[in-house]
1. For the range A:61-204, what number results from the quotient of the Cα radius of gyration and 2.2 N^0.38 Å?
2. Quick check on the exposure proxy: order A:T263, B:T245 from fewest to most C-beta atoms within 10 angstrom.
3. May I ask you to report, in nm to one decimal and beginning with the shortest, the distances from C:T19 to the same position in the other copies, taking label points 7 Å along Cα-to-Cβ?
4. Taking H placed 1.01 Å from N in the peptide plane, check which residues at least 5 places from A:I300 or on another chain put their amide H under 5 Å from its amide H.
5. What does the net charge come to around B:P57 if you take all other residues with beta carbon closer than 15 Å to its beta carbon, with K and R at +1 and D and E at -1?
6. Within a 10 angstrom radius of each residue's Cβ in A:52-65, how many Cβ atoms of other chains show up on average? Whole number is fine.
7. Can you find, among D:T19, D:L5, D:G43, the residue sitting farthest towards the positive end of the charge dipole of the range D:2-63, where Lys and Arg contribute +1 and Asp and Glu -1 at Cβ?
8. Exactly which trypsin sites (Lys or Arg not before Pro) in the range B:158-209 are in a DSSP loop and have at most 14 other Cβ atoms within 10 Å?
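Since every read-out is calculated from the coordinates, none of them should be taken as a lab result. These numbers come from a predicted model, not from an experiment. All Cβ positions, even for glycine, are placed from backbone atoms using ideal geometry, and neighbour counts span all protein chains on display.
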There are 4 protein chains.
Amino acid sequence: MIIVLKPDASEAQIKHIVTKVKALGLKPMISRGIERTLIGVIGEEEILRSQPLEVFPGVEKVMPVLSPYKLVSREFKPADTVVRVGDGVRVGGRKIVVMAGPCAVENYELLLSIAKSVKKAGATVLRGGAFKPRTSPYSFQGLGEEGLKFLAEARKKTGLPVITELMDVRDLELFEKHADIIQIGARNMQNFDLLKEVGRSKKPVLLKRGMASTVKDWLLSAEYILQNGNFNVILCERGIRTFETETRFTQDLSVIPVVKQKTHLPVVVDPSHAAGTWGLVPSMAKAAVAAGADGLLMEIHPKPEEALCDGQQSMLPEKFAALMKDLRKVAKAVGREI
Amino acid sequence: MIIVLKPDASEAQIKHIVTKVKALGLKPMISRGIERTLIGVIGEEEILRSQPLEVFPGVEKVMPVLSPYKLVSREFKPADTVVRVGDGVRVGGRKIVVMAGPCAVENYELLLSIAKSVKKAGATVLRGGAFKPRTSPYSFQGLGEEGLKFLAEARKKTGLPVITELMDVRDLELFEKHADIIQIGARNMQNFDLLKEVGRSKKPVLLKRGMASTVKDWLLSAEYILQNGNFNVILCERGIRTFETETRFTQDLSVIPVVKQKTHLPVVVDPSHAAGTWGLVPSMAKAAVAAGADGLLMEIHPKPEEALCDGQQSMLPEKFAALMKDLRKVAKAVGREI
Amino acid sequence: MIIVLKPDASEAQIKHIVTKVKALGLKPMISRGIERTLIGVIGEEEILRSQPLEVFPGVEKVMPVLSPYKLVSREFKPADTVVRVGDGVRVGGRKIVVMAGPCAVENYELLLSIAKSVKKAGATVLRGGAFKPRTSPYSFQGLGEEGLKFLAEARKKTGLPVITELMDVRDLELFEKHADIIQIGARNMQNFDLLKEVGRSKKPVLLKRGMASTVKDWLLSAEYILQNGNFNVILCERGIRTFETETRFTQDLSVIPVVKQKTHLPVVVDPSHAAGTWGLVPSMAKAAVAAGADGLLMEIHPKPEEALCDGQQSMLPEKFAALMKDLRKVAKAVGREI
Amino acid sequence: MIIVLKPDASEAQIKHIVTKVKALGLKPMISRGIERTLIGVIGEEEILRSQPLEVFPGVEKVMPVLSPYKLVSREFKPADTVVRVGDGVRVGGRKIVVMAGPCAVENYELLLSIAKSVKKAGATVLRGGAFKPRTSPYSFQGLGEEGLKFLAEARKKTGLPVITELMDVRDLELFEKHADIIQIGARNMQNFDLLKEVGRSKKPVLLKRGMASTVKDWLLSAEYILQNGNFNVILCERGIRTFETETRFTQDLSVIPVVKQKTHLPVVVDPSHAAGTWGLVPSMAKAAVAAGADGLLMEIHPKPEEALCDGQQSMLPEKFAALMKDLRKVAKAVGREI
């Protein structure tokens, strides 16, 4: 932690800060420059972080040196984390994991038919929402528990592990019973009580980035989960909110190499929600793989015209199958496989 | 709803859309222009909204004409809503309501002392967090239930109704017992299960704008609360996330006149969280009142150096008292009072 | 400047950096912490700023301590700058300056009529564009030199000094002849050749903030003007680009107190371009004055239906006159006058 | 153009609008819905675009149906534009064009050495700045005309055509003499006088996207160039400004498929300026190619520690050569070549 003093900071003010720092068991080092005096603090920065040093008289600004997260950082654990999901699926290894399925579970027959077609095309995880976070209260809110049961049934039939979104802490038990990966959506990325609860679970958690979350915020939300005991966390980039309106959100693929440097956790990309239109999905899916993503999360629907949710961003199964062929080539080009 | 067709849309495609619209009980009107054909749909736009018309063959884009919210809109209820809080406090009338207090409840004595000083300065609601949504799991998370009890005790002593943030649906009962206004924080603005639950409550709800929420998103979140039966909703602008880093968030005061046109609900402003530094709070508080806000939410602490939360954005009680004098003048200048 | 080293930085890497810093005539100070080693550099930070220290082996990040601008900073000149415009108008003093007029100069009669009405209402500077920066090449591009002459003529008739936008370095001479304040628009805030040229002029310059410019970028653009010899610079906030689409731009009033701390230059606000709709202008104009702005820049048109530019954000003269009355009250409430 | 009326619009107001529309030679069509009346306008939307219909009494909002640009649109010219540069280089065909070189031209020997190494690695265009747009007036501003001559000399020696940035209209003649592609930088994307001048030139123009420019703004700026007669325009995505600070800008790769749908112009990507750190460039360059970019613009320097500009985002020549090998594989995977 570096404390930058105002040009006119008095000796008494400097002494006051030094006394405070020492009282916390830390060691201050004073550097007197021509234009500013700095106080560097050696020792556990964590102790200082919760001190509002900015309000001490004479302080101009405070600059933290270390990242505020620990367990998620590469310094804490240099080797890549590989999250084990169900039988044989590993997220974070050489093999890129494709998770595909409908936006929402609508009925069992449709779900099973989609599950079969995405499996045939090469997906290894089935996605599908049972509880849906909808911006409007007048939109379809999902089938709820019944949807979870349909997912579990589809897994039984196809062997595909399932990922589905948890919104309410009170439903965790149900999810532990029926889901293989618990998804925390962008809108709940800073629902800290929910993060703590899934942190106490053993299930793998896929944590979507909030639409206005910096990488630091995102990793701190992941830290909540790890700190509560669950290290099986997969990060998911799904677009951020910017001024551009041609796409629903702006897909930020540069976070892939950024996050790979900072954390050992695997990172996957959801191009469907970022784009908001199925026609843009193939480009962005290929780009995500080329950029180094560990997996993809995509929405598929055989009759988008009748989809109860996000029809405009769902691909037809045959287009998805064609995309999978292209993705295999791109994966190979960057030394991975699908 | 206006459906804009592609330049090369075929008659068969147009017929397919027209059939679909009619099947929904709506009336399509076709306008054939020089460069595009449009299909206007007369009737309840709501019915069409959940249809993914964008994926119909031949469709270029779909433009909704009406707002997606109903109960919160001025068209539904032209007169301003005045939310009654505790004994005599009314949010949304001529009198501007100032809600002030510490970021977090730290202990009873401190809370009571702050409560007394903000009351003396003219605040009519006491704010204070018992459950704190903190970006980092290593930050102070609040006193929990004990904090709620301290707030209730402080109300008893000072007569000030209290506002405090609810994060977890499981705590609602506790809040109904101890709080006068339930605050939904920016990070939970789209925690739809939480919105539904406070919608079933009778307590006034203060709904903060999410840091990346458009006015439309914000009003739809309010709609969740009204649609579940609770019309006592106060909107609160607290800054949005932009590229500017000099302030913690960018206070968007232009939403005050925007929201006043669109909805009958009162709107208050939190300058403390937007600014992130107490030194900017007086300017922004005065600006908010001049812009037409119905109230202010501000953080006060007698010893910011020792505050367990947000010390750098908390004002000293004496500065707050001086600000209140200025605010009275500004309120008078715009035909209001404090 | 603080150089933060990677956890595994070697002694050879540290020595390499230290040698480089010393070779520049600066004094490095090494602080060895538990988790990181830091190198603080004492001396003129400016010398180091142009060195890409980030690429030196072993460096994790570089944190500048000082602001990159000098002449615009309060440290360089603590007292407020008051810019003298024409006869008797002073921008930056106790009196708030209102600059009003049409978006574009359309013809002489209309201009003169608007000039008279804004003068009567209390404006002391006439605005009007002769060369217009239009997003589309198919929009009205302004009358050019003829517009400048009309402005000069209107000044002669009314005594109001005029402000008008310069876009092309080749037109500077014309502007020096006809204008009293040269406006640099948001789209040219980083047109550095233009900034250098107006820096060589003696005319007051109003520098609008770019729509994606941080305060730092904005002040550095002002620095270009001062560094070339022209200290008569007025800053103008006109809204930044964010995700919100209800307003044309998001007016960032919090920059007023921020900029007042950092620089001695006066700052005015343009609510017309930020809002994009005349109905929002009164709220934002009052808020700007309450927040501490030194002036306002507003668009007025007697027949907005027929305006050749920005009709939807132009106020009617009678609404402007009513607003001026309200603004006087707000100004008085914050210890200023109009 | 769709004119949406307020719920309480009167017949007189409707008649007033209809009269206006007809007077412009256009044909209005009235649709009376349950909640709103709409007026659709058939005919050349362009005529209406400059009318501020929003201010007509009774109008709630106006929704344009068509894009405001013409010459750049796919509707105007369905086939991809291929821009011919120097001898044999074609931008916009099957072959992906790599433009590489130093941020700034520093001296002739260094430039030539970089030119040779990028040519050897497979680049077909040499980049290098002679006039540099620097945020701070204290940063290196470029060698100016001398730099242009060095570029021309390096072209003579290596056969590589050169791209370099034009900032000042007064320098155009010099650029026409020495450059093969004239670059318009992000900060000048809306410097309309500059756009008009390069529009009158015959030289290919690379138009960077402004850091806060929507796709619509960007294409309208390109329209300025085409409308003045120059159809040899290459678009370049170089990152947009968002709240994320881990990267210098946020690379928006989703614009590649978006822009490809809307326009016939080729689009290239600059990952160096978007990332701001050379370590992120390989990931983003590969992603850009996978997403469908027609080319890349990258910064290379053999001694980044001594670079006078943007050292931290410049790749070493050997790393660039290795990246080119990877890029060839990715290009092949998506049916292109480098």
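1. Details: Rg = 17.1 Å, N = 144, 2.2 N^0.38 = 14.5 Å.
Scaled against compact globular proteins, the figure is 1.18.
2. On the way: A:T263 27, B:T245 13.
Final ranking by Cβ density, sparse to dense: B:T245, A:T263.
3. Those separations, rounded to one decimal, come out as 4.6, 8.0, 8.5 nm.
4. Close amide H contacts, sequence-distant or interchain: A:G101, A:C103, A:M315.
5. Details: positive: A:K303, A:K319, B:K6, B:K15, B:K20, B:K61; negative: A:E305, A:E306, B:D8, B:E11, B:E54, B:E60.
Taking every Cβ under 15 Å from that of B:P57, the sum is 0.
6. Working: counts 13, 3, 9, 14, 4, 1, 0, 1, 2, 2, 1, 5, 1, 10.
Taking all residues of A:52-65 together, the mean is 5.
7. Checked the options; the winner is D:T19.
8. On the way: sites: B:R170, B:K177, B:R187, B:K196, B:R200, B:K202, B:K208, B:R209; in loops: B:K202, B:R209.
Counting only loop positions with at most 14 other Cβ atoms within 10 Å, the trypsin sites (Lys or Arg not before Pro) in the range B:158-209 are B:K202.
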